[in-house]
Amino acid sequence: MHRLYIVPTMIINIVIVAIPALLTIVLAFYNWDGISTPTFAGLDNFRALAADRVFWTSLGNNLIWTLLFLTVPILMGLLAASMLLIVRRGSNLFQVVYFIPVVIATAITARVWQGMIYSPVTGVFGILQKYGMPIPNPLTQPHLALFGVATVDLWHWWGFLCVIFFAALRQVPQEQIEAARLEGATYFQMMRYVLLPGIWPTITLMMIMTVIWSFLAFDFVYIMTQGGPAFSSELMSTLAYRKAFYDLNVGQAAAAALVISFFGLVGTYFYVRIQTREGEQ
């Protein structure tokens, strides 16, 4: 009888997740503008994507985005978390301060950075340029736009990782930490031989989730640049959105969504595998 308790959640998942996912898979093989009757297209949508230069640009940008988020915020989070563990006094206050960007709505964060940091009129970059400092605005430079938007998301994201890593570090046996201190271990030796091995499952999990979330990134790019200039900050998610609602090509949008889902499924596979391995230990 206890299995009946999962029926409501199963129904919700089928209606909200499974059915839309199946419809997306089906639409990837059809031509449809969202209004007229869909017509079967076979693999034409995937061939069109493969021949689209913007598709490969967006895929490359997504890989760069993922690489950035697999390194910079994780290193920042580990460094800040280890500092909180060592200092202790005021750690609760610092956790709150670090976590504040996470709870601010992404639309507000994007607009604040756009108006107060990057704006050529009211932002920091504009003020510096008025005083003769030739600092290019990242959002207007094709080779910098992606990194300009990623910087905002990094600021928004790294505090979450810091809090997660700090919670994991506090679970490392205190005896190991004290023993390392008595042996005269330096900070880097402590991190390498005691702290990092103790929280490695948490780091691995967050890296896998980062890969999944990186391919779902949408809001900051769409609000700040909409994939521009010249598609230099286009991601797979913004490409799919543009294909569906600007080009009215739902089939190619669904095909792009399937590419995104592929990378998400790869990350999910490794996540489930790690969880299963930990459960067997």
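None of the figures in this text is laboratory data; all of them are computed from the coordinates on show. For clarity, every value in this text was computed on a predicted model and none was experimentally measured. Cβ coordinates were reconstructed from backbone atoms using ideal geometry, including for glycine residues, and neighbour counts include every protein chain displayed.
Report which label in (1) 25, 22, 21; (2) 38, 30, 16; (3) 38, 19, 16 holds the value of semi-axes √(5λ) of the Cα gyration tensor in Å derived from the coordinates of this structure.
Only one option fits the structure, namely (2).
Once amide H atoms are built 1.01 Å from N in the peptide plane, which residues 5 or more positions from Glu234, or in another chain, come under 5 Å H to H?
Amide H to amide H, under 5 Å and 5 or more residues apart or across chains, Glu234 pairs with nothing.
Just to check I understand the Karplus step: with θ = phi - 60° and J = 6.51 cos²θ - 1.76 cosθ + 1.60, what whole-Hz values come out for region 249-260, glycine and proline as x?
10, 5, x, 5, 4, 5, 5, 5, 5, 5, 4, 4
Tell me whether region 136-186 comes out rounded, prolate or oblate; compute the Cα gyration tensor, take square roots of the eigenvalues as a ≥ b ≥ c, and use a/c under 1.5 as the rounded threshold.
Since a/c reaches 1.5 and a/b is larger than b/c, the shape of region 136-186 is classed as prolate.
Quick one: grab the alpha carbon gyration tensor of region 1-98, order the square roots of its eigenvalues as a ≥ b ≥ c, and give me rounded if a/c is under 1.5, else prolate or oblate depending on whether a/b is larger than b/c.
oblate
Which whole-Hz couplings ³J(HN,Hα) result when phi for each residue of region 177-186 is put into the Karplus expression 6.51 cos²θ - 1.76 cosθ + 1.60, θ = phi - 60°, listed in order with x for Gly and Pro?
5, 5, 5, 5, 5, 5, 7, x, 5, 6
For Leu216 and Arg3 in one chain, what is 0.36 nm times their gap in residues minus the Cα-Cα distance, to one decimal in nm?
That works out to 73.4 nm of additional length.
With each label point set 7 Å from Cα along the Cα-Cβ vector, what nm distance links Arg181 and Leu67?
Label at Arg181, label at Leu67, 4.0 nm between them.
Show the residues, 5+ positions off or on another chain, whose built amide H is closer than 5 Å to the amide H of Asn249.
Ala244
If amide hydrogens are placed 1.01 Å from N in the peptide plane, which non-local residues have theirs closer than 5 Å to the one on Tyr30?
The list, which skips near neighbours in sequence, is Ala41.
Counting each DSSP H run of 4 or more residues in the chain as -39500 (n - 2.57), what helix-only mean residue ellipticity at 222 nm follows after dividing by all residues, to the nearest 500 deg cm²/dmol?
Roughly -22000 deg cm²/dmol at 222 nm, from the helical runs in the chain.
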